[in-house]
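Novice: Here it is, the structure in full.
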Amino acid sequence: MTADSDRQADALWRGGDGSAPHEDSHAAEHRRLFERWFEELWNKKNYDVAYELVDPGFIAHGAGGQDIPQGPDGVVGMVKAWHAAMPDGRMTIDDIITEGEYSTIRMTWRATHMGQFGEIPASGNQIEVTSFGIDRVVNGKITEGWGEVNLLSMFQQMGAIPSPEPPDAEQARVERNKAIISRFYDAVNSKHTEVFFDLVHPKFVNHGGASGDIVGPTALLASLQVFYNAFPDWHVSEDYVVAQGDRVASRGTISGTHLGTFFGHPPTGKKVSWTGIIIYRLDDEGKVIERWQDFDAVSMLQQTGIMPPMG
């Protein structure tokens, strides 16, 4: 952040007349103290200001994993360690909330890692780390402090800790597509056919249907209704699923009881099952836009008695 952007941010935080919104004189006093604290100590390396603003009995109850001894000497030692490792560093106040003796501050440190920090050698990397502090101010002096610093992020930026691997976008796409096809089958089995209009693209084409290509979700639903009428307990399982890129291949088993008229043939009451393989193609938005299919229709027709056994 540049000096100009710092001034712009401060102008936004303050009112048009330069005063903080809804800020009483006590809160304004705290803000002035901490503005001076960060500018003089952290940004200008004026360590004497710590002995002016920090109570001799100051206690740091927690500082994001840093061990800070009691009193102003402990504070100065901690700040000097940061300056030695990141001498061009600058601390900015991003937000401050005051109630009574306590102020909560959100701040950002930006610097170049030019020297050793603890056991971490200089990396030359640009560092940006956020932290939060709660400080108690009594009679114009900081008497207690609680802090949390995003040291994990800073250590990662310094190269001391590996950063998490970025998500594999292609694998995420594959997993999304597989989940969409599973949801499609759930809708088929539960007869929640309204879901088809969420999952199936308006220009969907099914290749290899018994009556030729099926175009659009409405036609797909009509083709399924024939099976719903003939096999009311119809169920499709996902036996094997293989996915790559924009395609998902599924081998499944269809089962049901022949309780309704099927292609003009009366119900037989027979339980039947047959297998099929379908390849789905999904668009970038996750809509099923195309599929190819083949089923063991001969086995199904033979089990119902519609077609005699062959051989």
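Quick grid of which residues meet (1) of a type in the set (D, E, K, R); (2) under 22 Å from Gly62 (Cα atoms):
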{"position": "Asp88", "(1), (2)": "yes, no"}
{"position": "Glu99", "(1), (2)": "yes, yes"}
{"position": "Glu119", "(1), (2)": "yes, yes"}
{"position": "Glu128", "(1), (2)": "yes, yes"}
{"position": "Val138", "(1), (2)": "no, yes"}
{"position": "Lys141", "(1), (2)": "yes, yes"}
{"position": "Met158", "(1), (2)": "no, no"}
{"position": "Pro164", "(1), (2)": "no, no"}
{"position": "Asp168", "(1), (2)": "yes, no"}
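Novice: When you scan the stretch 268-298, how many residues do you find that are exposed (fewer than 15 other Cβ atoms within 10 Å of the Cβ) and either outside any strand (DSSP E or B) or under 43 Å from the mean Cα position of the chain (by Cα) (or both)?
Specialist: Total meeting the criteria: 9.
Novice: Can you spot a residue in the stretch 299-310 that is open to solvent by 60 Å² or more (accessible area, probe 1.4 Å) and within 32 Å of the chain's Cα centre (by Cα)?
Specialist: no
Novice: Just one of the numbered conditions (1) of a type in the set (A, V, I, L, M, F, W, C); (2) over 29 Å from the mean Cα position of the chain (by Cα); (3) crowded, with 19+ Cβ neighbours inside 10 Å; (4) over 14 Å from Glu128 (Cα atoms) is not true of Ala81; which one?
Specialist: Checking Ala81 against (1) of a type in the set (A, V, I, L, M, F, W, C); (2) over 29 Å from the mean Cα position of the chain (by Cα); (3) crowded, with 19+ Cβ neighbours inside 10 Å; (4) over 14 Å from Glu128 (Cα atoms), the one that fails is (3).
Novice: Which number in (1) loosely packed, with under 14 Cβ neighbours inside 10 Å; (2) assigned to a loop (DSSP other than H, G, I, E, B) marks the one condition that Ser123 misses?
Specialist: Here Ser123 meets the rest and fails (1).
Novice: Mind listing whichever residues of the stretch 140-176 are among the acidic types (Asp, Glu) and either part of a helix (DSSP H, G or I) or touching a residue at least 24 places away in the same chain (Cβ under 8 Å) (or both)?
Specialist: First pass over the stretch 140-176, keeping only residues among the acidic types (Asp, Glu): 144, 148, 165, 168, 170, 175.
Scanning the stretch 140-176 gives Glu144, Glu148, Glu170, Glu175.
Novice: Considering only residues that are in contact with a helix residue (DSSP H, G or I) (Cβ under 9 Å, 6 or more places away or on another chain) and either free of Cβ contacts under 8 Å to residues at least 12 places away in the same chain or among the hydroxyl-bearing types (Ser, Thr, Tyr) (or both), look in the stretch 177-197 and name the one that is surrounded by the most Cβ atoms within 10 Å (Cβ to Cβ).
Specialist: Thr193
Okay, residues lined up against (1) among the polar types (S, T, N, Q); (2) modelled with pLDDT of 90 or more; (3) in contact with a Pro (Cβ under 6 Å, 6 or more places away or on another chain); (4) within 30 Å of Ser123 (Cα to Cα):
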position	(1), (2), (3), (4)
Gly15	no, no, yes, no
Pro21	no, no, no, no
Ser25	yes, no, no, no
Gly89	no, yes, no, yes
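Novice: When you scan the stretch 222-257, how many residues do you find that are over 19 Å from Trp292 (Cβ atoms), acidic (Asp, Glu) and within 36 Å of the chain's Cα centre (by Cα)?
Specialist: Total satisfying the criteria: 0.
Novice: Of everything in the stretch 126-139, what is assigned to a strand (DSSP E or B) and under 30 Å from Glu29 (Cα atoms)? Give them in sequence order. Let's see the steps before the verdict.
Specialist: Within the stretch 126-139, the subset assigned to a strand (DSSP E or B) is 126-138.
Result: Glu128, Val129, Thr130, Ser131, Phe132, Gly133, Ile134, Asp135, Arg136, Val137, Val138.
Novice: Please state which one of Thr108, Thr92 is within 18 Å of Arg31 (Cα to Cα), touching a residue at least 60 places away in the same chain (Cβ under 8 Å), touching a helix residue (DSSP H, G or I) at 6+ places or on another chain (Cβ under 9 Å) and not in a helix (DSSP H, G or I).
Specialist: Only one candidate passes the filter, namely Thr92.
Novice: Another one. Which of the residues that make up the stretch 146-159 are at pLDDT 90 or above, among the small types (Gly, Ala, Ser) and in contact with a strand residue (DSSP E or B) (Cβ under 7 Å, 6 or more places away or on another chain)?
Specialist: Ser153
The values are calculated or read from the model by the stated rules, or taken from the named source; none is laboratory data. Source: prediction; values computed, not measured. Every residue, glycine among them, receives a Cβ derived from its backbone with ideal geometry; neighbour counts consider all protein chains shown. Side chains are part of the model used for accessible areas, which takes the heavy atoms of the whole protein and leaves out ligands, DNA and RNA. Shrake-Rupley method; radii C 1.70, N 1.55, O 1.52, S 1.80 Å.
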